[in-house]
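Okay, so here's the structure we're looking at.
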Amino acid sequence: MYFSGYVIIFSTPSANLHSCTYLLPDDQDRIIYCKRILFSYLNSSYLSLHLRSASTQKHSLMSLSTLYCSYIQYRVGEKMKSCIQFSPKLPLLTAPIHAGFPSPAADYLHDTLSLTNLLVTHPSATFLAWAEGNSMELVGIFDGDLLVVDRSLKPRQGDIVIASVDCQQEFTCKVFDLKNQLLCAASINDYPDISCIEGVLIEGVVAHSVRMHRPANYVKP
Amino acid sequence: MFALVDCVAFYCSCEAVFRPDLRNKPILVMSNNDGCCVTLNEQAKDLGFQKFKPYFELKPLIDQHGAIVCSSNYELYGSLSKKVMDILATFASDHEVYSIDESWLDFTGHKHLRETGHKINATVLSYTGLMTRVGFGSNKTLCKVASVVAKRIKKANGVCCIDDDDVQRRTILARFPVREVWGVGSKTAAKLNLLGIQSALDLAEYDKNAIRAQFGINIERTSRELNAQKCFSFHEDVNEQEQIIVSRSFGKPIYDLHPLQSMTISYLEKAMERLRASNQLVRNISISASTSKFSGDFQSIHNVITLPTHSDDTLLVAKLVSQGLAQCYQRHKFVRSMICLTGLRSNKNYQSDLLEAKQSANSIALMKVLDTLNSGNKKIVFLGRSSAKTEWDMKRLLKSPEYTTSWNDLPKIQC
């Protein structure tokens with residue numbers, strides 16, 4: 001069977017074969033609808049692909065409405081050009097969207113902003129960690145915050161650092177007092193300062209920290 | 001000049017990166033299914049632990065010294081390895097990843113190599129917490145020698161450079177046993193010893209024609225490289241594997257044909273994925289399954305399948321492998337199975353058989369989709385014959401958290 005258009009494979013986040021459904025374009029509206037979804041996730045060059053509809057088997061979009069998908073998109077019937085984008089959560093709408101005039105913004109699409117680019121300056125020296133405890137609340141680090149730790153930065157006076165203290169199992173996060181060689185808490189409660197002279201190894205500088213005001217994706221509560 | 005950089009006790013060091021309390025302790029990393037020890041660090045070696053010994057033999061010594069035992073955490077090792085390789089790549093004009101913890105660097109035209117070497121060690125240590133050793137040499141074989149020397153001799157401080165100084169090269173090679181030379185296997189070494197070749201220097205100075213006649217072109221090249229000639233270049237034979245093997249042991253023994261087929265097919269999927277990644281096609285597939293070597297009665301079954309034409313189609317091969325396994329199946333207590341792809345050839349300029357149908361364009365396209373979906377070691381789309389997640393999957397009971405690849409496993413920091 002020959003047709004040209006998009007083939008989209010929908011699957012649930014747990015993504016195994018049983019939850020995969022092949023959605024083939026069955027009328028112009030549905031294709032345009034698919035196109036709309038792709039519009040927001042792919043760069044503009046894919047929008048100019050010409051779509052011709054050919055009737056194939058019908059699938060109910062309704063039954064897919066609760067599924068979220070990773071999708072693959074390619075043209076069928078020619079030499080395949082495949083392009084893949086994984087979007088962790090892509091909600092499906094059930095109502096068809098009628099397309100009219102092509103988007104004038106299409107030519108102005110650029111890469112989307114990436115938080116990684118903003119927060120990670122040295123990818124090969126950066127690791128992520130969860131903050132636990134409340135000794136750093138006065139500098140804005142709360143229990144459950146995400147810490148972006150850069151091991152390549154040289155600690156300066158007043159930096160927030162990660163250190164291993166006396167070979168304990170877990171790292172400690174404190175404010176670094178370079179002049180007095182101390183690790184200090186930042187809390188209204190009293191926490192003893194830790195001397196850096198012996199048994200302390202600074203492992204990295206907390207370059208950024210991220211608050212989760214709502215539960216984060218992927219993270220089990 | 002080239003350099004070989006490799007990480008010191010890589011798996012063990014990875015385990016200690018996010019666990020300060022494990023540093024300076026003896027650490028042993030176990031193989032798949034925690035069967036035997038695959039790597040150990042310096043501290044464990046000093047206590048008398050040995051590599052490749054089964055767990056139950058090491059158990060008394062482990063209890064005695066309180067040694068740390070870890071299952072292989074490939075997620076962690078892979079991610080830290082990538083960081084190290086990315087750092088190394090910034091130092092040289094060209095680089096080639098050689099293994100999970102080794103990389104070749106091309107320093108042609110660079111000066112002050114020793115300083116660079118120390119800088120590499122310091123940077124990798126500070127960025128990742130992992131120790132490295134750097135061996136410089138005018139070719140790959142000498143780099144390997146230098147890196148072993150850098151590791152073994154404390155005075156070298158983690159950097160060894162075999163430069164154009166002939167006296168220095170000969171001194172190092174004279175003390176270097178030939179069996180440890182890169183590319184010389186233990187069998188070859190035994191034969192070389194019979195000819196009176198004990199040290200690397202002996203091999204370097206032996207008659208080249210005689211070496212070639214007896215041991216073939218590759219040992220001749222090795223011998224020439226030890227003489228500071230350049231024979232092995234960068235990015236050589238990277239994709240030209242002669243065979244692809246996927247062999248793993250099961251989490252628990254399998255008796256029946258059906259689960260045996262399904263586990264073996266899942267290994268096949270992995271092998272075919274590697275085959276396509278290296279742009280090759282396969283003709284022959286050998287399948288085998290065996291019982292435990294430690295039980296008294298060792299049994300194995302095997303079968304070889306020849307495809308009508310070279311192919312990289314998982315669907316086609318899986319069907320034949322399933323049949324092939326059924327043909328040779330006998331009921332035993334299987335603990336391991338293996339898939340070996342041989343008769344490989346490049347899919348570029350492939351001339352198909354005149355009488356046999358070529359692999360269809362649809363099949364090629366389908367495989368591409370499969371690989372794209374499953375990229376990054378995910379198992380999103382797989383065959384119905386294969387197994388999703390079963391009770392026979394690998395056991396990794398002592399596995400540390402996936403500190404760098406899973407949100408739930410990120411290190412916790414006391415604030």
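The values are calculated or read from the model by the stated rules, or taken from the named source; none is laboratory data. Everything quoted here is computed from the prediction, not taken from an experiment. Here Cβ is always computed from backbone atoms with ideal geometry, including for glycine, and neighbour counts include all displayed protein chains.
Values for this structure:
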| item | result |
| --- | --- |
| Restricting the stretch A:189-203 to residues that are assigned to a loop (DSSP other than H, G, I, E, B) and within 11 Å of chain B (Cβ to nearest Cβ), the residue that is surrounded by the fewest Cβ atoms within 10 Å (Cβ to Cβ) | A:Gly199 |
| Members of the stretch B:17-46 found to be part of a helix (DSSP H, G or I) and touching a residue at least 24 places away in the same chain (Cβ under 8 Å), listed by number | B:Val17, B:Leu22, B:Asn32, B:Asn33, B:Asp34, B:Glu42, B:Ala44 |
| Search result, residues across the stretch A:110-142 that are β-branched (Val, Ile, Thr) and either in a helix (DSSP H, G or I) or more than 7 Å from chain B (Cβ to nearest Cβ) (or both) | A:Thr112, A:Thr116, A:Val120, A:Thr121, A:Thr126, A:Val139 |
| Residue selected from the stretch A:157-188 under the condition in a loop (DSSP other than H, G, I, E, B), under 15 Å from A:Val200 (Cα atoms) and of a type outside the set (A, V, I, L, M), by the criterion farthest from the other protein chains (Cβ to nearest Cβ) | A:Asn180 |
| Pairs where the first residue, in the stretch B:355-369, is facing another protein chain (nearest Cβ under 9 Å) and the second is modelled with pLDDT of 85 or more and exposed (fewer than 11 other Cβ atoms within 10 Å of the Cβ), C-beta under 9 Å, 6+ apart | none |
| Hits in the stretch B:114-150 (condition: among the polar types (S, T, N, Q) and within 14 Å of another protein chain (Cβ to nearest Cβ)) | B:Thr123, B:Ser126, B:Thr128, B:Thr132 |
| Complete set of residues in the stretch A:143-156 that are in contact with a helix residue (DSSP H, G or I) (Cβ under 6 Å, 6 or more places away or on another chain) and part of a loop (DSSP other than H, G, I, E, B) | A:Arg151, A:Ser152 |
| From the options B:Ser360, B:Ser386, residue that is touching a helix residue (DSSP H, G or I) at 6+ places or on another chain (Cβ under 6 Å) and modelled with pLDDT under 85 | B:Ser386 |
| Scope the stretch A:113-123; condition touching a residue at least 12 places away in the same chain (Cβ under 8 Å) and of a type outside the set (Val, Ile, Thr); matching residues | A:Leu119, A:His122 |
| Spans of helices (runs of 4 or more DSSP H) in the stretch B:208-293 with at least 1 residues of a type in the set (S, T, N, Q) and within 30 Å of B:Val178 (Cβ to Cβ) | B:208-215, B:217-226 |
| Selected residue [among the charged types (D, E, K, R), in contact with a strand residue (DSSP E or B) (Cβ under 8 Å, 6 or more places away or on another chain) and within 14 Å of chain A (Cβ to nearest Cβ)] from B:Lys25, B:Lys53 | B:Lys25 |
| Residue within the stretch B:124-132 that is modelled with pLDDT under 95, part of a strand (DSSP E or B) and crowded, with 18+ Cβ neighbours inside 10 Å present | no |
